Amino acid sequence: MEELDSLSQDDDAPEQDGGSRNSEDLQRLWRKAIHQQILLLRMEKENQKLEASRDELQSKKVKLVYEEICQKDVSTLWDKKLNCRTKIRCDMEEVLASLKEGVPKSRRGEIWQFLAMQYRLRHRLSNKQSPPDISYKELLKQLTAQQHAILVDLGRTFPTHPYFSAQLGAGQLSLFNLLKAYSLLDEEVGYCQGISFVAGILLLHMSEEQAFETLKFLMYDLGFRKQYRPDMVSLQIQMYQLSRLLHDYHRELYNHLEENEISPSLYAAPWFLTLFASQFPLGFVARVFDIIFLQGTEVIFKVALSLLRNHEALIMECESFEHIVDFLKTTIPDMTKSKMETIITQVFEMDISKQLHAYEVEYHVLQDEMHEASNTCDESEPLHKLERMNSQLKRQNMDLVEKLQVAQSKIQSLESNVESILSRENKTRNLLRSLEQEKAAYQKTIEMMKKYLPDEALADCELLMRETNCSPNNKTKPGNKP
């Protein structure tokens, strides 16, 4: 402000040398003018930063609209670990103990990045397994062949969450950018239904670029990209492993599902492909992600097994194919908060890594035996054609499952609207009933008052009412009584 005052004083100073200023005065004025312009530009940039920070704060509040399972105050527990920005290996037993206590959702994104860094300090990817070294900004400048598929799925990803519900709003645009960038980075996988839910969970807790790096960690470092490959072999192995877990640990439930011809791919494929994000409450999904960043892919098996174990008695009561499928897809995700906490506690205590490895080896041995047997048979149609048709049918099945989920979501939304309308209708009926009662009370009072009025007063009142009804402002229709 002093500089602005001095500048204005210089402008108002008396002209020298017959109305002209010397060169030194002009240079001084130019320097001050330039300096003031720089200050104004800086102020404008600071204002833009301030507005951006306000928008970011508001966006962060909208993003974290979900009920947290862990209600403990664990912020101080994580402060020391997160404040240590240097790449130092932490004691993983301490990290596990902290994770069991819970994670504050306001710092969940930071904690996930911290866990990813700790994992990378202990495990290094080979050059063959590493993703291409292309920055997020460079990928956004390119075009993707998956654009249509991504756009179609934007509205299906968390349609009821305020951050993603607005069509082509901030949430959907960020989700599109993230999915587009990954489809260009990972050409083998490209874009697959299910990835959008994983990307959406990440975007709720961090910025686009942070979410992109974290998605790369999940896909490449932890190996989740295998289940999204076009051949879907990895997903088939996972379904076999889950079936074997049920067979070995919950034989009665396994037999019950087999008798009703319900395979794991019918209900568990969406769980695995979306990491439970498409059907379960966000607070529960966030806790599952917490453990995934620490323990990797085996977590989804432990969660699935724990879900089935805790609902075994109710599943056994379902006697038909339709009833069981409906229970698995709608009733199980609609758990109570205490049930979710029980599931998470069991997941921390469970260890099935050896069994999963044994089942994977077993699957490959069985496949080799089937392949050798098929080579000895004289079949008219080549095996590779059958495999290709089988793969196509499985993809169609997954598409139908996704469409069914969208339809169920719409049905739930319509049912909630119907409930709201019925509630308003009941309120209106109650109001109408009270008004009718009030009207009856008024009429009764009028009748009582008529008894105490003299006949002349009554005649005057009736005359006044007739004049009022017949006045220009209250004309009755022809044929109607006044």
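If only the Cβ of Lys and Arg carry +1 and only the Cβ of Asp and Glu carry -1, the dipole of the range 169-227 around its Cα centre is close to 160 debye.
Taking each residue as 0.36 nm, the span from ASN390 to ALA440 lengthens on full extension beyond its C-alpha to C-alpha distance by 10.6 nm. The calculated FRET efficiency for SER263 paired with GLU209, based on their beta-carbon distance and R0 = 35 Å, is about 0.30.
Within the assembled protein chains, the solvent-accessible surface assigned to LYS45 is about 130 Å², based on a 1.4 Å probe.
Between THR336 and GLN27, the simple spin-label model (points 7 angstrom out along Cα→Cβ) gives 8.4 nm. Placing pseudo-labels 7 Å out from each Cα toward the beta carbon at TYR66 and GLN37 gives an inter-label distance of 5.1 nm.
The values are calculated or read from the model by the stated rules, or taken from the named source; none is laboratory data. For clarity, every value in this text was computed on a predicted model and none was experimentally measured. Reconstructed Cβ throughout: ideal geometry from the backbone, glycine too, with neighbour counts over all protein chains shown. In case anyone asks, the SASA skips ligands and DNA or RNA and just uses the protein heavy atoms, side chains included. Shrake-Rupley method; radii C 1.70, N 1.55, O 1.52, S 1.80 Å.
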